[in-house]
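Here's the structure we're looking at; comments come further down.
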Amino acid sequence: MEIELQEISDFLKSILPFDSLPQVIIESLIKSITIRYIRRDTAFNEEYKTPSRLYLIRKGAVSLFSEEKKLVGKLGEGDICTAFCHLEEEVKFTIKVEEDTLVYTLGCRTISHILQDYPEQLAFLQKTSSRRLKQSITEIQGTNNLTPSLMKTPISDIMHHPVISAEKSISIRDAATIMLEQNVSSLIIMDKKNVVGILTDKDITRRCIANDVPTSTAVEQIMTSNIISAPATSSAFEVMMTMTRKRIRHLPIIDDKKLTGIISVTDFLRLEGRNSVYITNAISKAESIEVIQELCQVIPQLQLQSVQMSATADHIGKIITAISTAVTRRLIELAEEKLGPPPVPYAWLAAGSHARREQSSHSDQDNAIIISDKMTPLDDQWFAALAKFVCDGLNQCGYIYCPGDVMATNPKWRQPEKKWSDYFTNWIKTPSPKALMYSSIFFDLRSIYGDKQLLANVRTKMLKLTPKNDLFLAHLSFNALKLAPPLGFFRDFVLIHDGKHNDTLDLKHNGIAPIVDLARIYALAEGVSEVNTIERLKKVRGSRSLSKEGADDLLDSLEFISTLRMQHQAQQISTGFPADNFMAPAEISKLERSHLRDTFKVIQTLQSYIEMRYKIG
């Protein structure tokens, strides 16, 4: 097969639904493909609508607009446009070319003929993207098959070999030629033996072509420097979570300071089409709240599958939180598209379990906004509209409104940087009951969109005050001790008797929350900036606030209770009930009940210690 045809073949075999077709069918499709190169802002020719054709985006980006000139979709590399096939219904779209684009086109009737013996693949192409989305969600929710465990998969099993690299001095033109010849979307840029950057096809499009930078320029001028990498000893899960959090599509793998490979989002999509990378990637492309809402419906099933794969509670929490973060970011982007650019810099903040990356599928929303001190009173109109759009969207997607109104829609939690600094200073220096309640929420904050330095500035000032203020820490401890483990005399469980949750334990408020509260107190006492509970406990382990043994016991207790909670919720999800935190001791074995009592005892012991330390009572 000629090189050009081989490239088309490789491309088809890398995307759904062509990836499961035999080579002989791929070759039949290739013979019927028409290749088009369309420059930016050039319209698709009308004659290509008749006869109906399917479009595969090989490179570039296009936007689809309805007859009313409303944006209805965006397509990039690897996406398929079936809008003009009209196989199900008459759909009229116009396409705007956003970037110089290379397109493969196929006649819809030709596809139907070639794939007549492959009904699944043909059905995929005969459905609109929204119909495929509905079918995909149904399959995800109904499947009992377990996907391979990323936690146990070494990253070396899925990374590219060999890695394609080039010296920083080569020209953009030469770099693009190498990428084309090697059929790769990224190049690792080297300075002799040292990795100094990464160059992707999008870098070339955005930083070279879009800015009229001469292609004779050295690649170091447009590459991404200070790149994030991962060690070769990482698990696939660890790498996946890094890429999800940092919103990057390529990640170099380093072994003993030597470049050994590179991972792309595509690698994960091939390995596990139903993991959080797949979901977050789909969310990042969603063009409406309704699409995001449908994608969010798979979150309980993801939790169930993760439990069945024996994932740790920490892993599951990070998976679900990554999706929550993607949902929030996409809603903010949609809001900015509607409202226009922000009048001044700002940061959207997640609070509570979202900030700590400890969510389950049973979560509400807690959020806030820090705004630049340059804002004017009129600017708040824009931020109020942003908050309403995002909070309403989160509620629609299943993240219910916070019962305590700790949301950016509340003007009190939508303030400039100086006001936020004043909040923390007052809470620390004047620890009233209300201040302590807010402290338990807002000392767990994470910036998930916008100018992260705004929160960093506030946190730096705050952490200079907390280690020196024993009075504040004593009050915070007193407030935290109100949530006690449910142990009575002879270490029997104290069960709930409220009519609705009779004979159950509240695993969240009487098990997990006390550990979260303890970790927060230790972190503030030691000036630790981390907000994740496990990271906090590891950071303060062996400090004046917490012994190594105490930290290890709390870490084990947190994992055990959190795992019980995840398993309990997974059982509810599998039987069609909504997930909650109320577990009857009868649900678990006698041995597990014994372990649970031991974990409650650990919490009780460390609460007693902190009570003595701050002379509470």
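Points to keep in mind about this one:
- Taking 22 Å as the limit for the C-alpha separation, the pairs Lys464/Lys539; Lys192/Lys246; Lys31/Lys96; Lys418/Lys464; Lys257/Lys538 exceed it in the case of Lys192/Lys246; Lys31/Lys96; Lys257/Lys538.
- Proximity of backbone amide H atoms, modeled 1.01 Å from N, is registered between Ser547 and Gly542 at under 5 Å, excluding neighbours fewer than 5 places apart on the same chain.
- Treating r as the C-beta distance of Ser589 and Arg249 and R0 as 25 Å, the FRET efficiency rounds to 0.05.
- The chain - percent relative contact order, Cα under 8 Å, separation 6 or more: 9 percent
- In terms of its alpha-carbon gyration tensor, segment 361-468 comes out oblate; a/c meets the 1.5 threshold, while b/c is at least as large as a/b.
- Inter-label distance for Val494 and Ser52, nm, one decimal - labels placed 7 Å from Cα along Cα-to-Cβ: 6.7 nm
- When the C-alpha to C-alpha distance is required to be over 23 Å, the pairs from Lys434/Lys468; Lys482/Lys590; Lys59/Lys338 that qualify are Lys482/Lys590; Lys59/Lys338.
- Annotation: the antiparallel percentage among DSSP beta bridges lying fully within the chain is about 85.
- Against the chain, whose longest principal axis is taken from its Cα atoms, helix 129-142 shows a tilt of about 40°.
- Remark on Lys59: its backbone amide H falls under 5 Å from those of Leu102, a criterion applied only to residues 5 or more positions apart or on other chains, H modelled at 1.01 Å from N.
- Proxy reagent accessibility, fewest Cβ within 10 Å first, across His113, His595, His315, His354: His113, His595, His315, His354
- Translational D in µm²/s for segment 549-605 (Stokes-Einstein at 10 °C, 1.306 mPa s, Kirkwood Rh from C-alpha pairs): 131 µm²/s
- Contour excess over end-to-end distance, with Cα ends at Lys13 and Glu333 and 0.36 nm allotted per residue: 112.0 nm
- Using the alpha-carbon positions of the chain, Rg (one decimal) and Dmax (whole number) come out as 26.9, 83 Å.
- Overall, the anisotropy analysis places segment 276-468 in the oblate class: the square-rooted eigenvalues a ≥ b ≥ c of its C-alpha gyration tensor yield a/c not less than 1.5, with a/b not exceeding b/c.
- Separation of the Arg36 and Asn211 label points, Cα + 7 Å toward Cβ, nm: 3.1 nm
- Spin-label pair Lys192/Gln23, simplified geometry with 7 Å Cα→Cβ offset, distance in nm: 4.4 nm
- For segment 390-399, backbone phi angles converted through the Karplus equation (6.51, -1.76, 1.60; θ = phi - 60°) give residue-by-residue couplings of 6, 5, 5, x, 4, 4, 5, 8, x, 8 Hz, Gly and Pro being listed as x.
Where a number appears in this text, it was derived from the coordinates with a stated rule and is not lab data. What you see is a predicted model, and the numbers here were worked out from it, not measured in a lab. Counting neighbours? That spans all protein chains shown, and the Cβs are built from the backbone with ideal geometry, glycine included.
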